[in-house]
Structures are given as C-alpha cells and as structure tokens.
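First the structure, in the form of structure tokens, and then the observations on it.
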Amino acid sequence: NIFDVDEYSGQYQVLVNGSLNLPLIGSVFVRGKTLDQASELVTSAFSVYIKRPVVSLGLVKARPLKISVAGEVSRPGAYTMALNEGQQFPSLTQAINLAGGATLTADVKQVELRRLESSGERNTYYINLQQLINRSDIRQDVTLRDGDEILLRTTTAINPEETRQLSNASFAANASRPIQVAVVGEVVNPGAYVVKGETLGNNNINIGSADIRSTNAPPTVTQAIAIAGGITQDANVRQVKVRRLTQGGTQQVIALDFWELLRQGDLSQDILLKEGDTIIVTKADQIAAEEALILADSNLSADAIAVNVVGQVQQPGNIEVKPNAPLNEALLAAGGFDDVRAEKGSVELVRLNRNGTVEKRDIQIDFTAPVNEETNPTLQPNDVIIVKRDGAAKTADNVERISRPASGIFSLIELPIRLFNLLFD
C-alpha cells in the first residue's frame with residue numbers, strides 16, 4: 001500500500017524467481033528479505049517517481065512450499081506444503097511425516113537438508129533428529145524453506161535400542177501396519193507371512209518361571225518365527241540373520257543372537273521388522289542336551305511335537321511331547337511299560353531323517369538317567385519308539401499260535417459226533 005497513491009497500491013504475487021513485478025518501477029527482488037527489508041527496497045524504487053512515498057508492505061498469503069523428501073521414508077518424492085493465514089512455515093519432521101514417516105533403517109543422526117540460499121549458493125546442513133528423540137532438542141526440528149531438499153540415508157549400523165526409540169517417534173513410519181516377510185531355514189513351516197504387531201499380543205519370552213515382556217507395537221523377529229511354527233530342533237539360535245533391502249536398493253544383513261535373548265533377556269536381539277525382510281534361521285552342527293531343554297521351554301520352539309510309541313506300553317499310539325523332550329518322557333506319557341509283556345531293558349528308536357534316510361538303533365533304558373544320546377536321547381518329530389515283548393511273552397504268544405490249528409482239528413472231529421447224537425438221540 002502506497003499512501004495516497006491508490007493506483008499503484010494492490011496485491012501482487014511474488015514470482016518463482018523471488019521478485020515482485022510492480023507498476024511503474026518494474027521488478028524488485030525480495031527473495032530472502034524480511035517484510036521491513038522488502039518495504040525499504042520498494043520505497044527506494046518508488047522514490048524515483050514519487051516524492052517521499054510512504055509504503056507499507058504485508059504478506060497476504062504465503063506461497064506453498066515445494067520441497068522434496070528422499071531416502072528412507074515410506075513415500076519419497078516431491079511435495080507441496082500449503083500455508084494457511086497465520087500459520088508458521090513447516091518443520092523438518094512435518095515434511096518427513098508428509099512423506100509417510102522415517103523407516104526403521106533411516107539414519108536420523110545425519111539427516112541432510114540441502115538449501116538454495118538467496119546468494120544462489122546451495123548449502124548442505126546435517127541435522128541430528130536422534131537428539132530430538134533423546135534430549136527433546138527442538139532446535140533439530142528446523143523450519144523449512146521453499147525448495148528445500150531432505151535426504152534420509154540408510155544407517156550403516158543397526159542399533160536395536162535406537163530403532164525401537166525411532167519406531168515410537170512422532171515422525172516414524174507406521175510400523176504397526178501388517179507387513180510381509182519371509183521366514184526360511186530351521187523353522188517348522190518356512191515361507192512368506194503377513195505379520196503385524198498385534199498378531200501375538202505382547203511378545204513374551206518364557207524362560208522357566210521368568211516372563212520377559214516386550215510391549216512394542218511393531219512386529220518383531222520372534223513374532224514372525226512363532227507364526228512360522230517355531231524353530232526346529234536343529235536351529236542355531238546363536239546365528240539368526242535378517243536380510244533387509246534398503247530404500248536405496250542395497251542389502252543389509254543383521255546378525256542376531258537369540259541365546260543372549262533367552263539367557264540374559266537381551267531384547268535388543270529381537271529387532272523390529274520392516275516390509276520385505278527375510279529371516280534366516282541357520283542349522284546348528286550340534287546342540288548340547290542342556291541347551292536343547294532350554295530352547296524347548298521357550299516360545300521360540302513349537303508348542304509340541306508328535307511321536308509314536310508302539311508295542312508293549314499301557315497306551316500305545318501318537319503322543320505329543322515338548323520339542324527336544326527326552327525318550328523317557330514319551331514312554332511315561334504312553335503310560336509306561338506293560339508290566340507283564342514288555343521288554344523293559346531296551347527299546348528301538350526309528351527316525352526318518354530329512355534327507356530321506358532311516359535311522360534305527362537300540363536304546364538301553366534307564367529312567368534315572370539325565371538327557372544323553374546313549375540312554376535318554378532327545379526326540380524329533382515323527383520318531384517311532386518300539387517297545388518289544390520280553391521272552392516270556394514271546395513264548396506264550398508262540399504257544400498260542402501253534403495251538404490254534406490243533407484246536408481247529410479237534411473241533412472238526414467233534415462236529416460229526418454231535419450231529420449223530422442230535423439225529424439218533
């Protein structure tokens with residue numbers, strides 16, 4: 001507004017190049033200027049044509065900001081952020097949220113902000129949003145300008161604790177939505193699964209009487225393994241891997257040690273999952289008997305495995321026992337030996353291996369023995385335990401078998417005599 005010069009007063013748009021095209025004086029460059037500074041420029045330009053002009057300059061409506069967000073966000077791309085009357089310019093975290101939020105693999109310690117200055121020089125600023133999360137440092141949530149470019153690079157080292165903190169941040173991607181992952185290797189049912197944080201409720205790791213709870217909403221590795229039926233008895237829980245594809249197309253491999261999770265309650269090993277992750281449970285060369293029992297009591301393993309106990313037991317048939325349960329436990333679950341007919345000194349264990357071969361061996365029975373491969377081995381799914389007859393039972397069965405034909409002969413001899421008696425009695 002120019003006082004008492006209505007013909008030159010009015011509303012004018014700041015052009016893309018940062019200039020005002022005004023009547024009489026033409027173009028005035030105001031990019032990067034405050035309202036007072038811009039008013040001085042306009043006053044100086046009009047003073048050539050108007051004696052002591054009184055110019056007042058105000059912002060009617062802010063131009064929508066055009067920014068770009070790239071890297072580890074859910075929806076990278078260019079965005080327009082409109083400003084309403086009286087609204088402040090948007091902040092960095094608002095722009096990240098507009099792009100769907102930061103993914104769990106984003107390096108929020110070094111967020112890049114590239115800005116074209118009024119001098120025409122392009123500068124790059126590095127912002128640590130981890131300080132905003134940990135220390136409420138609001139200075140890190142900088143105000144944006146038109147044309148700003150934001151880049152969230154992929155972190156080179158996964159820190160599980162910081163990942164969990166990021167998942168709870170206001171500018172994080174919605175990690176509680178269902179995601180698709182693959183679970184392969186030593187699990188009961190390998191394959192692709194859709195997992196969400198609420199699938200199993202709280203993620204409980206049971207170790208004996210201990211109960212360690214994780215209340216994080218996003219899905220975790222242990223939840224995905226549980227949905228895949230749990231680990232097999234050959235699983236190497238010390239070497240679980242997560243293969244992850246970043247937004248940039250590179251592949252990350254994250255090594256996890258679930259033995260630390262089970263023994264020390266280290267929840268940092270149970271990392272949060274991301275869309276497209278592949279969980280690999282490797283095979284162990286050998287598992288100690290004590291370790292096998294601990295794994296069987298955890299919820300990493302399947303709830304139960306099926307074995308068959310046949311022969312001279314009280315309740316022969318299909319029996320369900322815990323994974324890695326010892327042979328003695330299956331015998332007791334079947335009611336124990338038949339006191340009259342069973343050979344109590346040994347049983348035969350038949351096992352179908354994964355490579356298609358069949359393993360058969362005699363096991364000497366000792367109900368007082370701890371878990372060991374000689375007298376009380378751990379069982380695997382579909383094992384068959386055969387309890388044989390003792391010597392007396394075999395002899396009695398053979399005598400009965402031999403006597404059956406003789407009984408039939410005597411019956412045939414007696415039949416004509418009985419018919420004769422009926423006819424002539």
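The values are calculated or read from the model by the stated rules, or taken from the named source; none is laboratory data. Note that the coordinates shown come from a computational prediction; the quantities given were computed from them, not determined experimentally. Cβ coordinates were reconstructed from backbone atoms using ideal geometry, including for glycine residues, and neighbour counts include every protein chain displayed.
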Pick out the one residue from LEU352, LEU379 that is in contact with a strand residue (DSSP E or B) (Cβ under 8 Å, 6 or more places away or on another chain), among the hydrophobic types (A, V, I, L, M, F, W, C), surrounded by 15 or more Cβ atoms within 10 Å (Cβ to Cβ) and within 20 Å of ASN318 (Cα to Cα).
LEU379
Check on THR103, over 21 Å from GLY147 (Cβ atoms), at pLDDT 85 or above, surrounded by 13 or more Cβ atoms within 10 Å (Cβ to Cβ) and assigned by TED's automatic domain parsing to the domain that holds GLN131
yes
With criteria (1) under 22 Å from TYR126 (Cα atoms); (2) loosely packed, with under 15 Cβ neighbours inside 10 Å; (3) at pLDDT 85 or above, GLY32 comes up short on (3)
Identify all residues within the range 358-373 that are part of a loop (DSSP other than H, G, I, E, B), within 39 Å of the chain's Cα centre (by Cα) and of a type in the set (D, E, K, R); write none if there are none.
GLU373
When you go through (1) in contact with a Leu (Cβ under 9 Å, 6 or more places away or on another chain); (2) at pLDDT 90 or above; (3) closer than 21 Å to ALA296 by Cβ one by one for ASN324, which number turns out not to apply?
(2)
Given the residues ASN308, ASN318, ASN355, which is the only one that is in a loop (DSSP other than H, G, I, E, B) and under 36 Å from the mean Cα position of the chain (by Cα)?
ASN355
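Here are some residues: SER136, SER74, SER119, SER56. Which one is loosely packed, with under 15 Cβ neighbours inside 10 Å, within 30 Å of the chain's Cα centre (by Cα) and of a type in the set (Gly, Ala, Ser)?
Numbers: SER74 fails: loosely packed, with under 15 Cβ neighbours inside 10 Å; SER119 fails: within 30 Å of the chain's Cα centre (by Cα); SER56 fails: within 30 Å of the chain's Cα centre (by Cα).
Unique residue meeting the criteria: SER136.
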Among the residues of the range 173-206, how many are of a type in the set (Asp, Glu), at pLDDT 65 or above and surrounded by fewer than 17 Cβ atoms within 10 Å (Cβ to Cβ)?
0
Looking only at residues in the range 52-78 that are touching an Asp or Glu at 6+ places or on another chain (Cβ under 7 Å) and not in a loop (DSSP other than H, G, I, E, B), which one is modelled with the lowest pLDDT?
LEU65
